[in-house]
Amino acid sequence: MSKMLFEKSVEGRKGVSLPAMDVPAVDMPANLKRNKLAEIGEYSELDVVRHYTNLSLKNFSVDTHFYPLGSCTMKYNPKVCETVARFDGLAAIHPMMPVSGGLDMCQGALELIYELENHLSEVTGMSATTLQPLAGAHGEMLGIMLIASYHRAKGNKKKYVIVPDSSHGTNPATASMMGYEIITVKTADYGDMDLDEFKEKMNDEVAAVMMTNPNTLGVFNPYIKEISEVAHAHDAMLYYDGANLNAILGKVRPGDLGFDVVHVNLHKTYATPHGSGGPGAGPVGCSAKLEPFLPQPRVVKTGDKFSLNYDKENPRITSYFGNYGVLVKAYTYALMMGSDGLKDVAEKAVLNANYIMQKLKPYYDLPYDKTCMHECVFSASRQVEKGVHALDIAKGLIDRGFHPPTVYFPLIVPEAMMIEPTETESKQTMDEFIDAMIEIAGIVDTDPDSLHHAPVTRPVTRLDETQAARQVNVRYQKDA
Ligand SMILES: *Cc1c(COP(=O)(O)O)cnc(C)c1O
């Protein structure tokens, strides 16, 4: 185990030298002075640079490893987006700078919001978009609030939200937090919400149907038009969880499928970095019926001037304008790709996932065996017979230099391994991953126990996850 930074401290070592003082020294009031020195390590610049560089190399990231984490769309984040996000005119402005009256120095920043909203409305087929939500789950919350406002305004009595059993946990959690009861519909053999069961469970008290399409099995719902008609006949709104938008970008617009509200996870589909909890952005688009309920302020364009409109009482749902840096990166990405580029994203993402699916099919169980969209879901059920679980396979991949796929999700597939290569991976990289998966399948037959100890090549090996959660011990003790 390498040493912690403060264990490397050497008394008297310096990383920076301040210039000689060129103003008279002033004695500080006694009450502002420390009575003992702060316990800050002392290092040379090189000590610090090496420490953090080496630490960063222990990470798995899209910059260092293939990262096929299903549902998360961990694709390459173009570095040009980082450069643009650091432009002074965007990074060094304050959200409370005046937007009118001759002092306006943030017209460009407002234009970016306006243009990105329009771009997302176009891609999703929605009437208007707000960039305020800070993540997909936050977008879901806003989306359900919009739907609730709509029903309230119409005097509709609504009690339920329908979700398929393949849905991401944030869908039912959001609806439930917003006061709705959840009706779950099971997945049919064809890999999506059972149409007959859906029709049976649909009723006039259903406020919304929340769907991911393609869903978390990577399956595009063949009955989506019918679902939309049935839902609308009961004045229920159709919510589109946009986490999987990467599969249909520029090809199909959720609005044309009948969806009324959409969130887009910019940190997934629009290539801005994510992981370790953020930052993200979950813009929400909605149809004209829901537009009056969007949070304020709205950026409006009059002539060639942009301003903020507060003409409604709908409060913001975040401070200022959302995670602005993420929005800049997403906008840069959209401009860079252009409409043909975005279509290409969807095509290659789907092609790559099908390639991996076909190559691994002989080695792992494929519960829903059909052409997939941008991700495929295997089950380790065959390997479990030899005592090897999805978790062991995931850890075995770490030893072979790959970030594991998502495991144990979606919940309806036992021992699930959900693989999403994304469009940015080369055939060579995918082949290396496929080889590693095949090698592991072989080891399951010859030496299954060795996988129970994986990873063995990393600074931290197999943890007792229960103990790690119950008895968290992350505090350094000097003399321990
Ligand atoms: C990622 C994801 C979410 C939640 O999005 P966050 O941006 O992580 O809050 C919701 N649904 C699905 C299917 C997802 O993959």
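The values are calculated or read from the model by the stated rules, or taken from the named source; none is laboratory data. Because the structure is a prediction, the values reported are computed rather than measured. Here the Cβ is made from the backbone with ideal geometry for all residues, glycine too, and neighbour counts use every protein chain on show. Accessible surface areas use protein heavy atoms only, side chains included; no ligands, DNA or RNA. Shrake-Rupley method; radii C 1.70, N 1.55, O 1.52, S 1.80 Å.
Ranking 429, 461, 474 by how far each Cα lies toward the positive end of the dipole of the range 424-474 (charges on Cβ) leaves 474 at the top. Each label point was placed 7 Å from the Cα along the Cα-to-Cβ direction; for residue 173 and residue 54 their separation is 3.7 nm. Positive-end ranking of 17, 145, 81 along the dipole of the chain, with charges on Cβ about the Cα centre, is headed by 17. Relative contact order of the range 5-56, taken over Cα pairs closer than 8 Å and 6 or more residues apart, is 62 percent.
In the context of the full protein assembly, residue 274 retains an accessible surface of approximately 50 Å², using a probe radius of 1.4 Å and ignoring ligands and nucleic acids.
Shown is the FRET efficiency for residue 36 and residue 474, computed with R0 = 35 Å from the Cβ-Cβ distance and rounded to the nearest 0.05: 0.85.
Roughly speaking, what % of Cα-Cα pairs in the chain are separated by over 36 Å, rounded to a whole number? The proportion of pairs with Cα distances above 36 Å equals 41 percent. Our summary of shape: the Cα atoms of the range 80-337 have principal axis extents of 60, 39, 31 Å, ordered from largest down, in whole angstrom.
For the range 345-467, a crude dipole built from +1 on the beta carbon of Lys and Arg and -1 on the beta carbon of Asp and Glu, taken about the Cα centre, is about 120 debye to the nearest 20.
Using the Cβ-Cβ distance between residue 201 and residue 251 with R0 = 41 Å, the FRET efficiency computed as 1/(1 + (r/R0)^6) comes to roughly 0.85. Taking a virtual spin label 7 Å from the Cα of residue 339 along the C-beta vector, which residues in the range 241-258 bring their backbone nitrogen under 17 Å of it? Only 248-256 pass the distance filter. Proximity of backbone amide H atoms, modeled 1.01 Å from N, is registered between residue 213 and 241, 244 at under 5 Å, excluding neighbours fewer than 5 places apart on the same chain. Per residue, the range 216-288 exposes an accessible area of 26 Å² to a 1.4 Å probe, with every protein chain left in place. With every protein chain in place and a 1.4 angstrom probe, the accessible-area ranking of 69, 238, largest first, reads 69, 238. Using a probe radius of 1.4 angstrom, the carbon and sulfur fraction of the accessible surface of the range 5-56 is 58%. When peptides 219-231, 300-312 are ranked by their average number of other Cβ atoms within 10 Å per residue, the highest-first order is 219-231, 300-312. Only Lys, Arg, Asp and Glu carry charge here, each on its Cβ (+1 for the first two, -1 for the last two); on that basis the chain has a dipole of about 1180 debye about its Cα centre. With contacts taken as Cα pairs under 8 Å and at least 6 residues apart, the chain reaches a relative contact order of 18 percent.
Here, P(r) means the percent of Cα pairs in each 5 Å bin from 0 to the largest distance; for the range 338-377 it is 6, 25, 27, 17, 11, 7, 5, 2. For the range 404-480, the dipole from Cβ point charges (+1 on Lys and Arg, -1 on Asp and Glu) about the Cα centre works out to 620 debye, to the nearest 20. The packing ranking, built from the mean of other Cβ atoms within 10 Å per residue, places the peptides 200-213, 428-441 in the order 200-213, 428-441, highest first.
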